[in-house]
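Engineer: A single structure is presented below for examination.
Taken together, the values in this text are just the output of simple stated rules run on the coordinates, not laboratory data. What you see is a predicted model, and the numbers here were worked out from it, not measured in a lab. Reconstructed Cβ throughout: ideal geometry from the backbone, glycine too, with neighbour counts over all protein chains shown.
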Amino acid sequence: MSDLRNPTLEFEPTLEDEQPASAGTSDDAHLSRRTFLKAASVVSAGSAVGFPALAQPGRGLPEQARQITLQVNGATHPLTIDTRTTLLDALRENLDLTGTKKGCDHGQCGSCTVLVDGRRVNACLTLACTAEGAEVTTIEGLAHGEGIEGLHPVQAAFLEHDGYQCGYCTSGQICSAVAAIDELTKHSLSIVSWHSGQTDAPQFSDDEIRERMSGNLCRCGAYPNIVAAVRYAQTQPGSGLPKGARA
C-alpha cells in the first residue's frame with residue numbers, strides 16, 4: 001500500500017532497479033534510462049570533436065568534402081578538400097606552394113595576396129572551391145625562367161631596390177604590385193586619381209602607388225623602397241600580368 005504522505009514513492013524506480021527487457025519479451029528495443037544517457041553522451045562527444053569514422057577510406061566522402069580542379073600557375077590540380085578550406089591553405093598544404101604566406105589570416109596584412117583571373121585577392125579569405133575554373137597565379141608563377149634573368153620585372157625591381165627586409169610579406173607585395181601596375185596601365189581609378197583630378201589617365205605617382213599598395217603591410221617598414229621598386233618596375237617591359245593570368 002502506498003504511503004499517503006508520498007503517494008508516488010512506490011512508482012518511482014531508480015536506475016539500479018531498472019532491468020532490460022528479458023529475452024523472452026517482444027520488446028527487444030527496450031530502452032532504459034541508463035542506456036539513453038550513455039547514448040546521449042556518445043552523441044554529444046561526437047558532435048563536439050567530430051566523427052573521424054566518417055572520413056575513413058571505403059566509407060565515401062564526408063558531407064563537407066568536395067572534389068575540385070584548380071588551375072594554378074598554368075597547371076591543372078585535381079583536389080579533394082573540405083569545402084571550408086581556404087585558397088591559402090589549399091595552396092600551401094595541398095599543392096606545397098609555400099611562397100604564399102599566412103600572416104594575420106584575417107585579410108588585413110596582405111601577405112597571402114595572389115592573383116585570381118588577374119585580380120588580386122586575399123587567399124586567406126577566399127574559399128578554394130570558389131576559385132575553381134579561374135586562373136590562379138602565385139609568386140611561383142610570375143617568373144618565366146630560371147635564375148635572375150627569368151624573374152618577372154617586378155621581382156627583379158624588388159631585388160634591385162631592396163624592397164624587402166625579412167621577406168615574409170614580399171610575395172604578397174610583389175603579386176599586389178603586378179596587379180597595381182596592370183590597373184594603372186588600364187587607367188583604373190583610385191581615390192587618389194579623383195583627388196588629384198587625373199581621372200582620364202592616372203599617373204604613376206608615389207601617392208598612387210601607396211594608395212594601391214595600401215592593403216599590403218610591411219612590419220619591417222620597407223615602404224620607401226617598395227614604392228621605388230614599383231615605380232621603376234612599371235617602366236620595364238612585361239611588368240604587368242603574366243600570360244595566362246586572364247587580365
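Engineer: Given labels modelled 7 Å from the Cα in the Cβ direction, how far is it in nm from Y223 to L127?
Structural biologist: 3.6 nm
Engineer: Of the peptides 227-238, 73-84, how do they stack up when ordered by the mean number of other Cβ atoms within 10 Å, highest first?
Structural biologist: Those peptides, ordered most packed to least, come out 227-238, 73-84.
Engineer: Would segment 65-233 count as rounded, prolate or oblate if I go by the C-alpha gyration tensor, calling it rounded below 1.5 in a/c and otherwise prolate when a/b exceeds b/c, oblate otherwise?
Structural biologist: Judged from the Cα gyration tensor, segment 65-233 comes out prolate (a/c at least 1.5, a/b above b/c).
Engineer: Full-extension gain between T69 and I148, please, as 0.36 nm times their residue separation minus the C-alpha to C-alpha distance.
Structural biologist: 25.3 nm
Engineer: So, one more: If a/c stays under 1.5 just call it rounded; otherwise compare a/b with b/c (prolate if a/b is bigger, oblate if not). Do that for segment 121-163, with a ≥ b ≥ c from the square roots of the Cα gyration tensor eigenvalues.
Structural biologist: Note, shape of segment 121-163 comes out oblate.
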